[in-house]
Amino acid sequence: MSERDGTGASGASGAGGEAGAAARPPAATRPVRWAADIVSALREGARLRLDYSAQSLWSADRLIAELRREGTPYAAAGQVLRGLGAYAGEVIVRQTGAEWWASGGEHWVRTPDGRLWDPVGEAQRCFEGDGSLRLLCRDATTGS
């Protein structure tokens, strides 16, 4: 799974978890929007309901696997992958009180135990056949 050691990343301070949007760190702005956009798009277009639960990541993994099996070019799947990765990050944030960190245009989730996770990168690895958003969430929320 995609855990980072935390070196070299500049984080934003602020409250994580399900606090109001004003209390979220500035690094959360984009991934929170990406996650909300994919939830809305999949509800409208694919009739797929994502509810920010860990169980809903099964559906996200299946959707990514389906895109891969259909031979969807990465260029066409990129925004969906970014949205599903951000969605998985939001699941972790909401379950653990983690917060989003950003550096160099990349976004990670920092769990309360100090570990950094790369859910957007994990969605891309899932598309390549070597990753799982569900397992990333499991690993990030177990504190191991």
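The values are calculated or read from the model by the stated rules, or taken from the named source; none is laboratory data. Because the structure is a prediction, the values reported are computed rather than measured. A quick note on method: Cβ atoms are made from the backbone with ideal geometry, for glycine too, and the neighbour counts reach across all protein chains shown. The protein model used for the area step is the full one, side chains on, heavy atoms only, and it has no ligands, DNA or RNA in it. Shrake-Rupley method; radii C 1.70, N 1.55, O 1.52, S 1.80 Å.
Here is how the numbers come out for the structure above:
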quantity: Local net charge near Trp34, Cβ-Cβ under 10 Å (Lys/Arg +1, Asp/Glu -1); calculated: +1
quantity: Protein accessible area in segment 51-116, 1.4 Å probe - carbon and sulfur %; calculated: 50
quantity: Whole-number accessible area per residue in Å² for segment 41-144, which is evaluated in the context of all protein chains at 1.4 Å; calculated: 47
quantity: Spacing of the two label points (7 Å from each Cα toward its C-beta) at Thr141 and Trp58, in nm; calculated: 1.3
quantity: Vicinal HN-Hα couplings computed from phi for segment 25-32 (Karplus, 6.51 cos²θ - 1.76 cosθ + 1.60; Hz; Gly/Pro x); calculated: x, x, 5, 7, 3, 5, x, 5
quantity: Global geometry of segment 102-144, whether rounded, prolate or oblate, following the gyration tensor of its Cα atoms and the 1.5 cut on a/c; calculated: oblate
quantity: Binned Cα-Cα distance frequencies in segment 62-144 - 10 Å width, integer %; calculated: 20, 50, 25, 5
quantity: Computed accessible area, Leu135, all protein chains, 1.4 angstrom probe, square angstrom; calculated: 40
quantity: Spacing of the two label points (7 Å from each Cα toward its C-beta) at Asp37 and Glu128, in nm; calculated: 2.3
